[in-house]
Amino acid sequence: MRSRLLVVGAVLGLTVVTGVLIYQGNTEKATASSAASSTSGGVYAEDTADPTIPEVTAPGERPATNVPMTKLEPGDTPPQFIIFSFDGAGSHQRWNEFMSVADESNSRFTGFLSGIYLLGDEGKYAGAYTGPGHKTGAAAIGYGGPESEIVTEVNDLNTAYMKGHEIGTHYNGHFCDDAPPGGNQWTTADWNDELDQFYKFVKDWKTINGYTDAPDLIVPPETIKGGRTPCLTGKLDTLIPAWKAHGMTYDSSMPAPRNGLYWPQKVDGIWEFYMPQVYSPGFEGMTTAMDYNFWAKFNGARDEPDTAPELRSIVKGTYEFMFDQAYNGNRAPILIANHFNKWNGDSFNPPAMDFMKEKCGQPDVICATYQDVIAWMELQDPAVLQELLDRAPVAAKAPDS
């Protein structure tokens, strides 16, 4: 019998950072605690096959960007970018669902990989991962599970990469304020250690696990240029030096310092795609635009599957309000920040998929990766780009207020 996974910290909780309610706890599994106490649970332990979703296969070569790399003239209207991203990125069903939908409109999205999803139990207990300030093997989320599930994850990552989607980092052990020391307590040396281990897992996962006939992970580590920190934690003055030391160019973690949707800002050489605080018509107030935050605002993040239709409607309405405000306003990139989850009766990914189907591929609308949006921005003449970056936020209040 395999040893149980060691998990520290509560799975779900709430915390307030700079006045913003953020999610505490990750995992794409329905609950991390159920996976943690299982002797057979891995990243895909709770996936169920959906016969209506075809298996997505990778093309023979990675396609070029789906973003037209053209310069704006002064006064031109920029495209409306939408950036879909998924923390953890460990669900075979969700990978295939979203890749299938993205194929319909030549859309791209970003999966922020949790590094320990590439490690099986044997790798864990051999001392493969030590979170800064924690015992070797401890983690606040589950590991990757048996070899078959890790190979499935690797195949999904390979397929996503070869279809032009982006792989970023969600770091490793998902240590937050409820499992200290977490990101808000870590130093630059701690973040360097966490990233060193993440990139090692990406490069050496087969050796660490002792696998001899598994497929290669073809995602080049040097193409992983950004990510999202666990629970949106960390401080820029400690994070930025670690990001630069690892060749990273962007982040999408920090709670926005002002309300509304606005263009990303460059902070000490790093593009920061702030997690926006927007007005939601369904909630009749402000909310952080992320799936767990919607859930926390709706019912305190309690699992109430019967309320899923109501919550899906609120989430979709919030996305539509964000889109209308940005598309008809400052054209700031819209961030759809989710997990591959089935929380609250699958309240969040269905509206995200519907939004992708309805908006991506419309005239002037491009659903793209962070890196491709950055490449487009950096192609623009400095004065033209600065005018975009200086535009006032939208979706910061009710439309009639």
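Details
- Test result for residue 108, outside any helix (DSSP H, G or I), buried (at least 24 other Cβ atoms within 10 Å of the Cβ), modelled with pLDDT of 95 or more and of a type outside the set (Val, Ile, Thr): yes
- If the condition is being touching a residue at least 60 places away in the same chain (Cβ under 8 Å), buried (at least 21 other Cβ atoms within 10 Å of the Cβ) and more than 18 Å from residue 77 (Cβ to Cβ), then the stretch 323-354 contributes 335, 336, 337, 338, 339, 340, 341, 342, 343, 349, 352.
- As a summary of the residue check, residue 170 satisfies the conditions (1) crowded, with 20+ Cβ neighbours inside 10 Å; (2) out of contact with any Lys or Arg (no Cβ under 8 Å at 6 or more places or on another chain); (3) within 27 Å of residue 64 (Cα to Cα); (4) not hydrophobic (A, V, I, L, M, F, W, C) except for the one numbered (2).
- Residue 227 being touching a strand residue (DSSP E or B) at 6+ places or on another chain (Cβ under 6 Å), small (Gly, Ala, Ser), farther than 25 Å from residue 341 by Cβ and surrounded by 21 or more Cβ atoms within 10 Å (Cβ to Cβ): no
- Residue 212 falls short on exactly one of the conditions (1) assigned to a helix (DSSP H, G or I); (2) hydroxyl-bearing (Ser, Thr, Tyr); (3) without any contact (Cβ under 8 Å) to a residue 40 or more places away in the chain, and that condition is (1).
- Residue check, residue 207 without any contact (Cβ under 8 Å) to a residue 12 or more places away in the chain and either within 22 Å of residue 225 (Cα to Cα) or surrounded by fewer than 24 Cβ atoms within 10 Å (Cβ to Cβ) (or both): yes
- Of the residues in the stretch 363-370, at least one is within 19 Å of residue 71 (Cβ to Cβ) and crowded, with 19+ Cβ neighbours inside 10 Å.
- Residue 302, sole failed condition from (1) outside any loop (DSSP other than H, G, I, E, B); (2) farther than 13 Å from residue 395 by Cα; (3) over 17 Å from the mean Cα position of the chain (by Cα); (4) not aliphatic (A, V, I, L, M): (1)
- Within the option set 130, 152, 159, being touching a Ser or Thr at 6+ places or on another chain (Cβ under 6 Å), at pLDDT 95 or above and either under 26 Å from residue 60 (Cα atoms) or assigned to a loop (DSSP other than H, G, I, E, B) (or both) holds for one residue only, 130.
- Every residue from the stretch 249-282 that is touching a residue at least 40 places away in the same chain (Cβ under 8 Å), part of a loop (DSSP other than H, G, I, E, B) and either under 16 Å from residue 378 (Cβ atoms) or polar (S, T, N, Q) (or both): 249, 252, 259, 263, 264, 273
- Among the conditions (1) at pLDDT 95 or above; (2) closer than 23 Å to residue 92 by Cβ; (3) crowded, with 21+ Cβ neighbours inside 10 Å; (4) of a type outside the set (Ser, Thr, Tyr), residue 191 misses just one, which is (2).
- Residues of the stretch 371-401 satisfying the condition of being surrounded by fewer than 16 Cβ atoms within 10 Å (Cβ to Cβ), over 16 Å from residue 332 (Cβ atoms) and either of a type in the set (Gly, Ala, Ser) or modelled with pLDDT of 95 or more (or both): 375, 378, 379, 381, 382, 383, 398, 401
- Single residue of the stretch 53-76 satisfying the filter (of a type in the set (Ser, Thr, Tyr) and under 22 Å from residue 375 (Cβ atoms)) that is surrounded by the most Cβ atoms within 10 Å (Cβ to Cβ): 65
- Residue check, residue 341 touching a helix residue (DSSP H, G or I) at 6+ places or on another chain (Cβ under 9 Å) and modelled with pLDDT under 95: yes
- Flag for residue 16 being of a type in the set (A, V, I, L, M, F, W, C) and either at positive phi or modelled with pLDDT of 55 or more (or both): no
- Of all residues in the stretch 227-274, those being closer than 21 Å to residue 86 by Cβ and charged (D, E, K, R) number 3.
- Residue in the stretch 77-87 that is part of a helix (DSSP H, G or I), in contact with a Ser or Thr (Cβ under 6 Å, 6 or more places away or on another chain) and closer than 25 Å to residue 205 by Cβ present: no
- Pick from the stretch 344-370, criterion among the aromatic types (Phe, Trp, Tyr) and either modelled with pLDDT under 95 or part of a helix (DSSP H, G or I) (or both), ranking: nearest to residue 295 (Cα to Cα): 355
The values are calculated or read from the model by the stated rules, or taken from the named source; none is laboratory data. As the structure is a computational prediction, the values presented were derived from the model and not from experiment. Reconstructed Cβ throughout: ideal geometry from the backbone, glycine too, with neighbour counts over all protein chains shown.
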